[in-house]
Amino acid sequence: MKIALVSPYDFAHPGGVVNHIMALDAEFTALGHDVRIIAPASRNRIVELGERFIPIGRPRSVPASGSILRISLSLNLAPEIKDVLAREKFDVVHLHEPFMPMLCSAILRFSDSLNVGTFHAYRGSPGYSLGRPITTIMLRRRNRNLDGRIAVSEPARAYAAKHVAGEFSIIPNGVDLARFNPGVKAIPGYDDGKLNIIFVGRLEMRKGVKYLLEAYARLKKKHSNIRLIVVGPGKNLRKRYEFKVNRMKLQDVIFTGGVPWDDLPRYYQAGDIFCAPAVGKESFGIVLLEAMAMGKPIVATAIDGYASVVRNGEQALLVPPKNIQALADALEKLIESPALRSKLGAAGLTSVVDYDWRIVARRVLDYYTYSARRAEQQKGDLDLAGTRSGR
């Protein structure tokens, strides 16, 4: 098949949707499919993809849901989109966040291929909220062009279903078990006998790092032999957090900033406990998959997106969001119990196998086939109805 994977987000910046598309591209290509990636890009070329990457639109930064979305806002993409679709003649156009302005929505408008959408968001997507009631009318029109709808989790499905009518199939995010595995060598410098608590993610308010810092401060008074490693980009909040650390005179807190993608598994490996204290608006928990694949015990908040990936007391200890004492208590349980750390880590390794990208990608391909058959059946039903009515 010739497949287009379409992202509304700047493909030069890492993120959940971008990484998701890159993983599908790798698996589909390995299986012999002809794949193109279409996305806006702040750099002219995505070197590793070469001519298989088709840039359309220049991204702009848009604040949304406690994060920054880098999407194209151009109203003049139609000629370029029509040219690409006519030239490439895709069998499948797979749009990630299909109603996100402007690129995905416009491609969905003009595509005559089999159109499949994957819904990643959980609350706050501007694809559903900009320009009401115009948005509502547009959603109905665009939704008629979708032949299939995938949600990455039940929370993502429930959120999308409030705005989009139709049948959804839940196919989760995946993880590369060849990259993330317990055999990876740890990044050097953290193997000095201290017990390392590690956070991985963009430094945004919704990720909950400020609550983790407060919990760590309480723990540090009792457990001097612990260290907190905060891995992820975000200059503004990093300055605020570092000021907080200095004001509280907290020791052994490391902010690494963004790290190279190839080094990320090595940072996970340096951790003894993985912590994800997000306060909400997460449809899934990709970082949980990565930590599980590394065999790490997890403390996370009991938000819907995380609870759809791990179970409390099995792969993780789940606590209420924004509850500093509950977060500190759960971390302390793992600090004081190597046996519990081993138990949770081993359970995670068993569970994460189902999220191997090789399995997930094949489920997506099977869904393309299902959607194509369903579209043909619906077309046949419409033709039959037209014949019976004398048209």
Inset, instruction - Considering only residues that are of a type in the set (Asp, Glu) and assigned to a loop (DSSP other than H, G, I, E, B), look in the stretch 258-315 and name the one that is farthest from residue 178 (Cα to Cα). - result: 282
Inset, instruction - Output the residues belonging to the stretch 280-321 that are of a type in the set (Gly, Ala, Ser) and open to solvent by less than 20 Å² (accessible area, probe 1.4 Å). - result: 280, 283, 285, 291, 293, 300, 305, 316
Legend entry - Set 327, 331, 344: member being at pLDDT 95 or above, touching a Pro at 6+ places or on another chain (Cβ under 8 Å) and either in a loop (DSSP other than H, G, I, E, B) or over 30 Å from residue 22 (Cβ atoms) (or both): 327
Inset, instruction - Filter the stretch 347-357 down to residues that are over 25 Å from residue 223 (Cβ atoms) and assigned to a helix (DSSP H, G or I) and give me whichever is least open to solvent (accessible area, probe 1.4 Å). - result: 352
Inset, instruction - Sort out which residues of the stretch 190-217 are open to solvent by 10 Å² or more (accessible area, probe 1.4 Å), free of Cβ contacts under 8 Å to residues at least 60 places away in the same chain and in contact with a helix residue (DSSP H, G or I) (Cβ under 9 Å, 6 or more places away or on another chain), and write them in order of number. - result: 203, 210, 217
Legend entry - the stretch 252-273 residues that are under 16 Å from residue 298 (Cβ atoms) and in contact (Cβ under 8 Å) with a residue 12 or more places away in the chain, paired with ones that are among the hydroxyl-bearing types (Ser, Thr, Tyr) and open to solvent by 10 Å² or more (accessible area, probe 1.4 Å) (beta carbon under 6 Å, 6 or more apart): 270/190
Legend entry - Search result, residues across the stretch 3-39 that are assigned to a strand (DSSP E or B), open to solvent by 10 Å² or more (accessible area, probe 1.4 Å) and touching a helix residue (DSSP H, G or I) at 6+ places or on another chain (Cβ under 7 Å): 9, 36
Inset, instruction - Read through the list (1) crowded, with 24+ Cβ neighbours inside 10 Å; (2) out of contact with any Cys (no Cβ under 9 Å at 6 or more places or on another chain), then give the number of the only condition that residue 327 fails. - result: (2)
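The values are calculated or read from the model by the stated rules, or taken from the named source; none is laboratory data. All of these numbers come straight from a predicted model, not from anything done at the bench. For neighbour counting, all protein chains shown are included, and Cβ atoms are generated from backbone atoms with ideal geometry for every residue, glycine included. Ligands, DNA and RNA are stripped out before the accessible areas are found, and what is left, the full protein with its side chains, is counted by its heavy atoms. Shrake-Rupley method; radii C 1.70, N 1.55, O 1.52, S 1.80 Å.
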